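Have a look at the structure below, then the notes.
The values are calculated or read from the model by the stated rules, or taken from the named source; none is laboratory data. Remember, predicted model here, so these are calculated numbers, not experimental data. We place every Cβ from the backbone using ideal geometry, glycine too, and count neighbours over all the protein chains shown.
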Amino acid sequence: MSQGWIRTEGLTYAYTDDTTGEEQPALHCIDLNIEKGEYIAIIGHNGSGKSTLAKLLNLVLEPTGGAIYVDGKNVCAPDMTDEDVFALRQKVGMVFQNPDNQLVATIVEEDVAFGPENLGVPSQEIRRRVDEALAMVGMSEYARHEPHRLSGGQKQRVAIAGIIAMMPECMIFDESTAMLDPLGRQEVLDTMEMLHRDKNITIITITHHMDEAARADRIVVLDDGRILRDGTPEEIFSDPEPLLAAGLDVPQSASLIHRLRKRGLALEGQVGTPGACVDAICRMYEARHKSL
Ligand code: ADP
Ligand code: MG
C-alpha cells in the first residue's frame, strides 16, 4: 500500500455538544492516501463530513481518534508545538466558501501580504511574493484596490493569492466556488487548475458541482462520515447507483453514457466530461462504420 504524502489512519472525529456534552460522530475511521501533486475532489451530501475532514487536514480541528501524517510526520502527535501547527498550515493552505470572511485588509496587496508578514518573511521578499501571487491569479491591476468593491470571483482570487504568497504545497478548497456566479466560478476553477498544472500544488477541492469534480484526477465520495467510493471520475461516474443512493447527482454527460450503455451501446473510455462523452460516441460510431 502506498504511503501518501498526506495519509490519514483511522481518522475519526466527533463534535461535542456544548449543552448536553453528548458526542456527535462526524467522521469514522477514514484511511486516505493523497500523493503529492494530486488533484482530488471530495464530494458527499450535506453533513457527510467534508468540511470536518478539511479542517482536520489543516489542524483547525484535532482528531478524536486516529492520526494524520504529512510528509511522513505525525502532525497530531502530542509533541507538536504551536510553531509546528503554524508551519503545517503554511504547507497546507485552505480557501473557504465565503470570500468576505477571508479578506482582512482594506487594500488588496496588503491582504495578500498578511500571511507572509505573519511568517516573518523579509519585506523585499514579501513584495516579490505579493506581486507574483497577484499575477498568478490575474489580479495585478487590482493591487491597490479595495477588496470589498471586487466581484465574488475576484475576491476569491485575492484570497487564493493570499495563500499562494505563503508558498503552500497543498491547497484545500472548501466549496470555494459555491457562492460565486458562473463567471466567478470559472475564474476560480481556472486558477485552481493552473496551480495544479503549472505549480505542482496538490489540490483538494470539496464541491457539490459534479461537473467540477469530474475535472479532478480522482474523486473521494463521503457518505455519513465514511468513504463510500474512491477512484477516477470515470470509475466513480460510470457506476452512478451508489452515488444516487447517497443523495448525489452524476454529471449529465456521465448519466447519458450510462443510459446508452444500459441500452447496449459499446461506449468505451472516459465519460466524466461532455468532451469525453463526445469522443466516446464518435469512437463507437467510427468503429461501427469500419466494420460495415
Ligand atoms: P459537510 O461539509 O459534508 O456538509 P460537515 O463536516 O460540516 O459536513 O458536518 C459533518 C457532521 O458534523 C454533520 O452531521 C454536522 O451537523 C456536524 N457538525 C458540523 N459542524 C459542527 C459543529 N460545529 N458542532 C456540532 N456538529 C457539527
Ligand atoms: Mg461543508
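Pairing each residue of the stretch 49-62 that is closer than 12 Å to residue 15 by Cα with any residue that is among the small types (Gly, Ala, Ser) and near ligand 1 (Cβ under 9 Å from one of its atoms), provided the two are 6+ apart or on different chains, yields C-beta distances under 6 Å for 49/26; 49/225; 52/26. When residue 28 is tested against the conditions (1) over 21 Å from residue 232 (Cβ atoms); (2) touching a residue at least 40 places away in the same chain (Cβ under 8 Å); (3) in contact with a helix residue (DSSP H, G or I) (Cβ under 7 Å, 6 or more places away or on another chain), the lone failure is (3).
Do you know which residues across the stretch 201-218 are part of a loop (DSSP other than H, G, I, E, B), more than 16 Å from ligand 1 (Cβ to nearest atom) and not charged (D, E, K, R)?
Looking only at the stretch 201-218, we keep the residues that are part of a loop (DSSP other than H, G, I, E, B), and these are 201, 207-209, 214-217.
From the residues that got through so far, the ones that are more than 16 Å from ligand 1 (Cβ to nearest atom) too are 201, 214-217.
If the condition is that a residue be part of a loop (DSSP other than H, G, I, E, B), more than 16 Å from ligand 1 (Cβ to nearest atom) and not charged (D, E, K, R), then 201, 214, 216 are the ones that fit.
Which count do you get for residues in the stretch 61-79 that are within 11 Å of ligand 1 (Cβ to nearest atom) and assigned to a strand (DSSP E or B)? Walk me through how you get there before you give the answer.
If we filter the stretch 61-79 for residues that are within 11 Å of ligand 1 (Cβ to nearest atom), which is where we start, we get 61.
With assigned to a strand (DSSP E or B) added as a condition, the list becomes none.
So the answer is 0.
Reported count of residues in the stretch 1-54, each being surrounded by 15 or more Cβ atoms within 10 Å (Cβ to Cβ), hydroxyl-bearing (Ser, Thr, Tyr) and either at pLDDT below 95 or in contact with a Gly (Cβ under 9 Å, 6 or more places away or on another chain) (or both), is 5. Among the residues of the stretch 26-60, those that are within 16 Å of ligand 2 (Cβ to nearest atom), assigned to a strand (DSSP E or B) and closer than 13 Å to residue 225 by Cβ comprise 26, 27, 30, 42, 44. Within the stretch 251-271, not a single residue is modelled with pLDDT of 90 or more, surrounded by 20 or more Cβ atoms within 10 Å (Cβ to Cβ) and away from ligand 2 (no atom under 16 Å from the Cβ).
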